[in-house]
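Visitor: Structure incoming, see below.
No value in this document is a laboratory result; all are computed from the given coordinates. Predicted model only: the values in this text are computed from it and were never measured. Cβ placement follows ideal geometry from the backbone for every residue including glycine, while neighbour counts extend to all protein chains displayed.
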Amino acid sequence: MKANLFEGKGVVLRVGELYLKGGNRHLFMKTLVTNVKRAFSDRDDVKLYTGQGRIFLHGACDEDVLDRLRWVFGITSYSPVEFCKKDITAITECAVVMAKQFSGNVDTVFRIAARRSDKSFSHTSAQLGIEVGSAVNVATGYGVDLEKPDLSIGIEVGREWTFLWTETQKGGGGLPVGTSGRVALLLSGGIDSPVAGHMLQKRGVSLIGIYFHAFPYTSDGAKNKVIELAEVLARRQKKFKLCVVPFAKVQEALRDAANPGYLVLLYRRAMIRIAEALATEVGIKALATGENLGQVASQTLENMAAVEEAATMPILRPILAMDKAETIDIARAIGTYDISIQPFEDCCTLFVPAHPETKGTAKTAAKFESRANWQDAVQEAIANTEVILL
Ligand code: ATP
Ligand code: MG
């Protein structure tokens, strides 16, 4: 142990679900540690320590540190801590200082939640609770309530560290990004697909993004907006690959052969085919969209089924059953909302009438497709896809 590592301030990170993973636990912890390190790669004043199933940040624990931790998935909660010497007098003094910092009154009640993982320490957990609790009671006049305290002082006496804390913040939960495989996200400039990507990252998925750009019908502004959205998702993983697919020629080919009411459905089928080809090139075996049941005409169950018929890979729809308000709340929290609402055109409205088909079938879609030469346009779009590494 480095002599002065566990002094002063720090943050202890807690992992919940990771412990359930049995044999994989080691890999999960390793990935989590890498992700925490990446989140603080530009903060030299924050050091990371791992050992005995624990992860600590040592050093500054300012608002920025606590805020960044919210977005490192796999952490269930975290607490700013004060490290102190492994000595009953030092522990008691530290607890009293913390209790005095709490702005309580005559009715304030507290508890000591002590844990002694170093069994050689002079006091058991129960003895620690009694001894430190009496000192806090004398110093502050606060009463004791083990069930519903206003103030809870946590104490952990480990072999290599002793620390105390009073506050616990909820982490992002989920699993460390990179532990659940890779998925190709169809990323439009809208509100929904970035949130869908976020939900998958929360479950440990690492993403690539695929954006269909109908240049010159849709502008560079529309593309830049998608790049900005991808940059937000990119912060949570090692690198993020965004594929920008030139889609206008595919759309023109379909327009010339189909009933306009069917175009959205045909665009989606073409998007799925192209996305599968791009995903396959990099060994990815699943797609994801920001589709939401019944929200817009193109997202009825009938139309989803007609689109899915063109797919061979699973299509994940993480926000299928969410209300728009719930999606917007998440978009705001993760910082994509303000980017998404910038007014740029979307390729799916191109050549499409005000009331598109809501009960499409794969059979009719295939009939229109058989009249168009979309295959060459699809191959050209794949070949001309621009890859942006973020
Ligand atoms: P979003 O807010 O994500 O754009 P939306 O509610 O506007 O979704 P649609 O425009 O019907 O719904 O799109 C449904 C899904 O299809 C999107 O969430 C996205 O996954 C995919 N999608 C639509 N347009 C594009 C595009 N231009 N590029 C990539 N994916 C797209
Ligand atoms: Mg959209």
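Visitor: Taking the chain as the reference, fit the longest principal axis to its C-alpha atoms, fit the long axis of helix 263-281 to the helix C-alpha atoms, and give the angle between the two in degrees, 0 to 90, nearest 10.
Guide: 60
Visitor: Quick one: if you stick a label point 7 Å off each Cα along the C-beta vector at Q52 and A139, how many nm between them?
Guide: Going from the Q52 label point to the A139 one covers 2.4 nm.
Visitor: Only residues of region 312-342 count here: report those whose backbone N is under 20 Å from the spot 7 Å along Cα→Cβ of V282, or say none.
Guide: Flagged as within label range: 312-318.
Visitor: For a paramagnetic label modelled at 7 Å from the Cα of K238 toward its Cβ, which residues of region 271-308 fall within the zone defined by backbone nitrogen distances under 20 Å?
Guide: Under 20 Å, as judged by backbone N against the label point of K238, lie 279-286 of region 271-308.
Visitor: Give me the distance in nm between label points sitting 7 Å out from Cα along the Cα-to-Cβ direction at S77 and L146, one decimal.
Guide: With each label placed 7 Å out from Cα toward Cβ, I get 1.8 nm.
Visitor: For the chain, what percent of Cα pairs sit more than 27 Å apart?
Guide: Of the Cα pairs, 58 percent sit more than 27 Å apart.
Visitor: Does anyone have the angle between helix 88-101 and the longest principal axis of the chain? Alpha-carbon axes, 0 to 90°, nearest 10?
Guide: Value to nearest ten degrees: 60.
Visitor: May I pose another question? Between region 22-71 and region 264-312, how many Å separate their Cα centres?
Guide: 36
Visitor: Run the numbers for Q375 and V387: contour at 0.36 nm per residue of separation, minus the present Cα-Cα distance, in nm.
Guide: Extra length from Q375 to V387 when fully extended: 2.2 nm.
Visitor: Efficiency by 1/(1 + (r/R0)^6): what FRET value for K324 and Y217, r their Cβ-Cβ distance, R0 = 45 Å, to the nearest 0.05?
Guide: So, using R0 = 45 Å, E works out to roughly 0.95.
Visitor: Using 0.36 nm per residue, how much length does the chain from D118 to V106 gain when fully extended, once their Cα-Cα distance is taken away?
Guide: Between D118 and V106, full extension yields 0.8 nm more.
Visitor: Under unit Cβ charges (Lys, Arg +1; Asp, Glu -1), what dipole magnitude, rounded to 20 debye, does region 13-86 have relative to its Cα centre?
Guide: Here region 13-86 has a charge dipole of around 520 debye.
Visitor: Compute the long axis of helix 374-383 from its Cα atoms, compare it with the longest principal axis of the Cα atoms of the chain, and write down the angle in degrees, 0 to 90, nearest 10.
Guide: Computed tilt is about 40 degrees.
Visitor: Give the separation of the Cα centroids, region 349-384 to region 75-133, in Å.
Guide: Centre-to-centre (Cα) distance: 66 Å.
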